[in-house]
Amino acid sequence: MSVSSALKLFTGSCHCGLVAYSLKIDLAHPKAVKCNCTICLKRGYLTYHTSPAHEFTLVKGKDALKDYQFASHNVHHTFCGTCGVACFFRSGSWTGGGGQEMTSVNLLTIDAGQGLDLTKFKITYFNGANGWEGGGKDTPWPGGQF
Ligand SMILES: [Zn+2]
């Protein structure tokens, strides 16, 4: 099965519903990232880094989004200004976009009832708490999250 034929469209949203998005997820190679850096830990991100092939689309809520930035200010940690749920973040620097701003989706905000089984995802753990030393691995880093 090619990657493109394994891409299935899903919708996601914040809790109050002001923010909604869609994206295609590669079900042939379902993978996600957990990181123990300060923001991933506190927000509980289960991260899906997208490329243009995933066709991330903000369906509604552009005006409802707040943008939180810190440290180097090169990542836009957006969240719904009403319910506070963080559906995705955007960066041009490190998500593989090669300078193009790419979107990373919090898979926990995919809408229920679409058959997406997160237990089937291969999770790679990153050590953001220690400068991302060591790259990704299959088990959580000491002091990391779950
Ligand atoms: Zn909301």
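None of the figures in this text is laboratory data; all of them are computed from the coordinates on show. Not measured: the values here are computed from a predicted model. In this analysis, Cβ positions are derived from the backbone assuming ideal geometry, glycine residues included, and neighbour counts consider all displayed protein chains.
Once C-alpha pairs closer than 8 Å and six or more residues apart are averaged by separation and normalised to the residue number of segment 4-127, the relative contact order reads 30 percent. Per the Debye formula on identical point scatterers at the alpha carbon atoms of segment 6-79, with no solvent, log10 I(q)/I(0) at q = 0.19, 0.20, 0.28 Å⁻¹ is -0.99, -1.08, -1.33.
Largest GNM mean-square fluctuation among H73, H49, H15, using the chain with Cα springs under 10 Å: H73.
Could you check the simple spin-label distance between L118 and W132, using points 7 Å along Cα→Cβ, in nm with one decimal? Label at L118, label at W132, 2.3 nm between them. Extension gain, K42 to Q100: 0.36 nm times the residue separation minus the Cα-Cα distance gives 18.2 nm.
For segment 106-146, dividing the convex hull volume of the Cα atoms by the residue count gives 85 Å³ per residue. With the simple model of a label 7 Å out from the Cα in the direction of the Cβ, Q69 to C16 spans 2.4 nm. In a simple Cβ point-charge model (Lys, Arg +1; Asp, Glu -1; nothing else charged), the chain has a dipole of about 140 debye relative to its Cα centre. Looking at segment 4-127 alone, DSSP beta bridges between its own residues are antiparallel in about 85 percent of cases. So which of K24/K120; K60/K122; K66/K120 end up more than 22 Å apart by C-alpha? The pairs that break the limit, which is 22 Å between Cα atoms, are K60/K122; K66/K120. Its residues counted as N, segment 4-127 yields a C-alpha radius of gyration over 2.2 N^0.38 Å of 0.99. Mean residue ellipticity at 222 nm, helices only, the chain: -1000 deg cm²/dmol; runs of at least 4 DSSP H residues each add -39,500 (n - 2.57), and the sum is divided by the number of residues.
Compare K24, K60, K42 in a GNM of the chain, Cα atoms joined below 10 Å, and give the one with the largest fluctuation. So, out of K24, K60, K42, the one fluctuating most is K42.
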